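Here is the structure we will look at, set down as structure tokens.
The values are calculated or read from the model by the stated rules, or taken from the named source; none is laboratory data. Note that the structure is predicted; figures quoted are calculated from it, not measured. Reconstructed Cβ throughout: ideal geometry from the backbone, glycine too, with neighbour counts over all protein chains shown.
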Amino acid sequence: MEEIRKFLRRTLRGIRQAPHKKHYIEFVTALLSIPVLLTVIILNLNTLKAKDEAPKQTNDTRPIIVTVPVEKESTKEPTPLPTQGVCKKEIGPVSISSPEEGELVTDIPVTLSLSQDDDTYCSIVWSYRVNDGKWSDYDDKTVALYNPPKGEVNIEVRVKSTVSKEEKRLTRTFTYQPDEATPTDIPTPTNTLQ
């Protein structure tokens, strides 16, 4: 029991004298904070160096090659295309020029061609579906059907102006009867060289 009292007295005396030894505690705390500050400074410098070196690595001297499709030259004198501000904002006269209504088609692919007869109207895009199927995305390219169903084929086309919200629908019915020797029936050539 005496030892416990001695321990308590020493502890109380140490607590009472702690304010007089405060400068020692602050000195130890300051010494321990120096490595932390040095670590923060080194990390920041490394980050700044990495940012300076990043643009130097992206300097690429390889040439960029862009291919652009070129239309075939025609014998007709080219007519200037109207700009979006000058053209008529309606759809104008549009028709399906190929295949003809009720025509018997044997070619693969079946090419669906649309013609806009007047260049003074703004450009158009179209979407199509075969035999009440799913609509395609809008595009301004020629439509090529590679495996249409045999027999009577009904194509429905939605024509839309790129400037206004006007839309027009066209339909065409034709009969598809492929030749006896379709490309899927032709044997594939193999390489027999050794």
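Below is a table of values for the structure above.
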| read-out | value |
| --- | --- |
| Extreme residue, surrounded by the most Cβ atoms within 10 Å (Cβ to Cβ), among residues of the range 111-146 that are of a type in the set (A, V, I, L, M, F, W, C) and over 16 Å from Leu170 (Cβ atoms) | Cys122 |
| Neighbours by Cβ (under 7 Å, 6+ apart or cross-chain): first from the range 115-127, under 8 Å from Gly92 (Cβ atoms) and of a type in the set (S, T, N, Q); second surrounded by 12 or more Cβ atoms within 10 Å (Cβ to Cβ) and modelled with pLDDT of 75 or more | Gln116/Gly92; Gln116/Val94; Gln116/Ile124; Thr120/Cys87; Thr120/Lys88 |
| Residues being part of a strand (DSSP E or B) and of a type in the set (D, E, K, R) - total across the range 145-181 | 8 |
| Subset of the range 98-130 (residues that are in a loop (DSSP other than H, G, I, E, B) and among the hydroxyl-bearing types (Ser, Thr, Tyr)) | Thr106, Thr120, Ser123 |
| Filter result for Gly151 (in the same structural domain as Glu101 (by TED's automatic domain parsing), more than 24 Å from the chain's Cα centre (by Cα), free of Cβ contacts under 8 Å to residues at least 12 places away in the same chain and over 20 Å from Pro93 (Cβ atoms)) | no |
| Only one of Ile155, Ile108, Ile91 that is surrounded by 11 or more Cβ atoms within 10 Å (Cβ to Cβ), modelled with pLDDT of 80 or more and not small (Gly, Ala, Ser) | Ile155 |
